[in-house]
Amino acid sequence: MDLDWIGLLELLTLIQLLLLTAVILNYKKGKRLSNLLLAGFMASNALLIAHSLALHAGWTSSGHRIGLYSIGSSLYFLLMPFLYLYIQSLCYETFRLRAVHLLHIIPFILFAVFSAAATSFSTLGSAEYWSHHIALNVQILSYLLASFFILIGYRTRLRELFSSIERIDLSWCNLLLSGVAAMWLLDLLNWILGIYNMSSPALSYGMFTASLFINLTFTLIVTYKGLAQSVSFSGIQGPPKYAASRLKPSDCADIVRKLTACMENEKSYLAASLSVEDLSRKLNIPARNLSQALHSGLNKNFYDFVNSYRINEVKKRIQDAQYQNLTLFAIALEAGFNSKSVFNEAFKKHSGMTPKAYKRWHSSS
């Protein structure tokens, strides 16, 4: 088998994806459903690379074995559903696969059947070609947007439940989605330039190679981070439905008073891992009611509510002479923060200036 350097890169990527799929399937720790969906994403990615390698090596083509060629192309319709469901499973602990999720594979089935029914490239080839590429690009864009919106909703919900979120905000999923988006945009641009005869073999191979390199590098990171995440954190519950709550404004005001007393008298905010569940147990108030009271009574989420006390604590210690030998970050750690970037961001949001600027201002005044 003679392969050029692109074929060898495809073969290397294929081997890596198959090995990663095997590792994920045999990984016994963590959230099993998330691991299976991640394995499905890697396996469908491997099948696509295998299809590309078969085309590159001349084992199949758009001119012969049309059914095999087109069914292989239809595998693209499996990639994004696996990714979308995987992200959902990471975000929410109650996520389960249900019959309704079978709807995600309908595009793959339709195009696979449509392709298998094609008896010659001249009869159905043109319609198949255009419908396949248009539907595929629309599907990829739709799933990318839907996945980003899931992450946005997840991070919003995190701020209602936890006072420190940097270790569970799934920021690495941005890398995953960005890698997929980059590969898709390169392939889309390559296809569009080819349609209008604006490309060249060198440019086409260059964009294809860049797409392969992205695939080769980010899959290792995603596998490592994905497996680690499924072990350390199983997700959160979905957003509460406040419309169905019987909590009255007077109840919200009473809960806010209890929360404020807990913060000011017991300084609960000093615990870096403080969550709404912790305060729920301490105050014997349902976590859902705590979140609703903060939203209705103070127009704040739990994250901002707790961090406002931490920022005030940092300000007091900056003004206290006994803390002058500590760095700003050391003071922040004692006040409940566990990340320098989060501390700086929160301080500027609540104070309108950076911690260093506030310290200089206090010293000069």
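Before moving on, here are some points about what is shown:
- Amide H contacts under 5 Å for PHE162: VAL276, TYR303, restricted to partners 5 or more places along the chain or on a different chain, H placed in the peptide plane at 1.01 Å from N.
- Compared with the dominant Cα axis of the chain, that is its longest principal axis, helix 302-319 is turned about 50°.
- Calculated FRET efficiency for the pair LEU185/ILE106, C-beta based, R₀ 30 Å, to 0.05: 0.75
- Within the range 257-290, backbone nitrogen closer than 12 Å to the virtual label 7 Å beyond the Cα of GLU93 toward Cβ: 276-278
- When each of LYS258/LYS348; LYS31/LYS340; LYS29/LYS282; LYS315/LYS349; LYS258/LYS282; LYS315/LYS340 is checked by Cα-Cα distance, pairs over 20 Å: LYS258/LYS348; LYS31/LYS340; LYS29/LYS282
- Coil-residue trypsin sites (Lys or Arg not before Pro) of the range 223-305, DSSP, other Cβ within 10 Å capped at 15: LYS241, ARG246, LYS267
- The lysines whose alpha-carbon is closer than 27 Å to the alpha-carbon of LYS28, local same-chain residues fewer than 8 away aside, are LYS225.
- Helical runs assigned H by DSSP (4 residues or longer) give the chain a calculated mean residue ellipticity at 222 nm of -24000 deg cm²/dmol, each run adding -39500 (n - 2.57) before division by the residue total.
Where a number appears in this text, it was derived from the coordinates with a stated rule and is not lab data. A quick note: this is a predicted structure, and the numbers were derived from the prediction, not measured. Every residue, glycine among them, receives a Cβ derived from its backbone with ideal geometry; neighbour counts consider all protein chains shown.
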